[in-house]
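Sending over a structure as structure tokens; questions will come in a sec.
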Amino acid sequence: MTDFAATRAAFDLPEGVVYLDGNSLGPLPQGAAERAATVLRDEWGRMLITAWNRAGWMAAPARVGARIGRLVGAAPGTITMGDTLSVKIFQALAAGLALRPGRRVVLSDSGNFPTDLYMAQGLLRMLRQGHELRIVPPEAVAGALSDEVAALLLTHVDYRTGRMHDMAGLTRAARDAGAVAIWDLAHSAGAVPVDLAGSGAEFAAGCTYKYLNGGPGAPAFIYVRPDLADTIEPALAGWLGHAAPFAFEPDYRPAPGVERMRVGTPPVLQMAVLDAALDVWDGVAMADIRARSVALSERFVAGVAAACPALTLASPPDPVARGSQVSFRHENGYAIIQALIARGVIGDFRAPDILRFGIAPLYVGTAEIDRAIDALAEVMARAAWDRPEFHARAAVT
């Protein structure tokens, strides 16, 4: 069994703060700051350029990718790190479309994260081959698959409501329709059990600054199904995705396997912080994470329903159908969240009316859930949110 008291002690959490925003940015892990200092002082500072070899900087994307692979059901050697999630979505979709040259539809849903849709729109405009981005309601995805669809592009867990797609079922449906499946795991990795290998998905990508606690700007990851990895042709043919980067050949030759999906220089400092953050996952079972997440989420849903009748549950009521977050709706959602933050309970807001709370069992327990319920009840009962400073919109909501 996972020792959640030990995992909570592994984070540098501010005294008196209830942090329910790990679905946007995970807290600072103990040891991450020292790991970054070691890279700065002992590796960059003392080894200089020799650290690329001596400190293993060049090999970090594969090594760190393998650690993430264990958490998302991916075999060793099928994940590499680098760049941002937006870039990795672009890469995956470009490769997926190339696998289905006779088809012209990319299918997604209205709950997808906007950047995924933006990347798709930009890629399809650039290709100028008559492709269409077709967006349907989440519940209509399976029925919209047809022989027109080249790629199915979905976010596994909806960033606003926490609604969770059936990855295995929809991947199977895509395969039956002859389409490629591409999954965004931004709100899944480290939050819910994922079985990439078992699902048969061709591609997946995810960020590492949320439930994996890699810090702001932490690198993204990309997964390619191993039977495809040696045949796909990357649209972004970067230097470090070359088979022999230091041969400096004028023409591109893709590296073997998923390493061809590397693009530019890996973010060494961010990768080191992420590597330190992943230490807390050693010995943690995703089944334990899921069980505790469901229990805490159900406690939160029941408590808010009893204490705050003005809030409407936006997440699926069935915990099996949602990820590791709970969302509510209220027309003054932004101000309510600001009033909560002023009381030391940090959640976040998503337009137009979503109050969003991430349940991260590594450091959130029943005491935090109960305090959040009490704070929310007090804010609602006293209309404490209705103050000018709580209505003033900041750049980041």
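The values are calculated or read from the model by the stated rules, or taken from the named source; none is laboratory data. What you see is a predicted model, and the numbers here were worked out from it, not measured in a lab. Note: ideal-geometry Cβ built from the backbone for every residue, glycine included; neighbour counts use all protein chains shown. These accessible areas exclude ligands, DNA and RNA; they are computed on the full protein's heavy atoms, side chains included. Shrake-Rupley method; radii C 1.70, N 1.55, O 1.52, S 1.80 Å.
Could you tell me what percent of the accessible area of region 6-159 is made up of carbon and sulfur, with a 1.4 Å probe and every protein chain present? Before the final figure, lay out each step's value.
Working: 4000 of 6850 Å².
Carbon-and-sulfur percentage of accessible area, whole number: 58.
Which helices pass in the chain if a helix is a full DSSP H run, must span at least 18 angstrom along its long axis by Cα, and must have mean Kyte-Doolittle hydropathy not below 1.6? All intermediate terms of the calculation are to be shown ahead of the outcome.
Values: long enough: 85-99 (21 Å, 1.69); 114-127 (20 Å, 0.38); 286-307 (31 Å, 0.71); 366-381 (22 Å, 0.54).
Helices meeting the criterion: 85-99.
Relative contact order of the chain, please, whole-number percent, based on alpha carbon pairs below 8 angstrom and at least 6 residues apart. Kindly include the intermediate steps, with their values, before the conclusion.
Details: 782 pairs, mean separation 86.8, N = 397.
The value is 22 percent.
Please work out how much length the chain gains when fully extended from residue 351 to residue 37, using 0.36 nm per residue of separation minus the C-alpha to C-alpha distance, in nm with one decimal. Could you put the intermediate results ahead of the total?
Working: separation 314, 0.36 × 314 = 113.04 nm, distance 3.77 nm.
Gain on extension, residue 351 to residue 37, equals 109.3 nm.
Ok, one more. Taking R0 as 51 Å, what FRET efficiency do you get between residue 383 and residue 70 from their Cβ-Cβ distance, rounded to the nearest 0.05?
Values: r = 47 Å, r/R0 = 0.92.
So the FRET efficiency works out to roughly 0.60.
Then there is this: Let's see if you can work this out: charge +1 on each Lys and Arg Cβ, -1 on each Asp and Glu Cβ, no other charges. What is the dipole magnitude of region 240-358 about its Cα centre, in debye to the nearest 20?
Details: 11 positive and 12 negative charges, 68 e Å.
That gives a dipole near 320 debye.
Here's a follow-up. Taking only Cα atoms and a 10 Å spring cutoff, compute GNM fluctuations for the chain and point out the largest among 331, 298, 249.
Fluctuation is largest for 249.
Please give the per residue accessible area of the chain, computed with a probe of 1.4 Å over protein heavy atoms only, in Å². Mind showing how you got there, number by number?
On the way: 16250 Å² over 397 residues.
I get 41 Å² per residue for the chain.
Could you tell me how far the Cα centroid of region 119-150 sits from the Cα centroid of region 310-351, in Å?
31 Å
Next up: Just the number, please: carbon plus sulfur as a percent of the accessible area of region 273-383, 1.4 Å probe, no ligands or DNA/RNA counted. Walk me through the numbers before you get to the answer.
Working: 2150 of 3860 Å².
Ligands and nucleic acids excluded, carbon and sulfur give 56 percent.
Tally Lys and Arg at +1 and Asp and Glu at -1 over the other residues with C-beta under 15 Å from the C-beta of residue 383: what net charge comes out? List each step's numbers first, then the result.
Numbers: positive: 343, 382, 387; negative: 331, 378, 386, 389.
With Lys, Arg at +1 and Asp, Glu at -1, the neighbours total -1.
Also, quick follow-up: Compute log10 of I(q)/I(0) for region 135-270 with the Debye formula, placing one identical point scatterer on every Cα and leaving out solvent, at q = 0.11, 0.17, 0.20, 0.21 Å⁻¹, to two decimals.
Normalising to I(0) and taking log10 leaves -0.48, -1.01, -1.21, -1.26.
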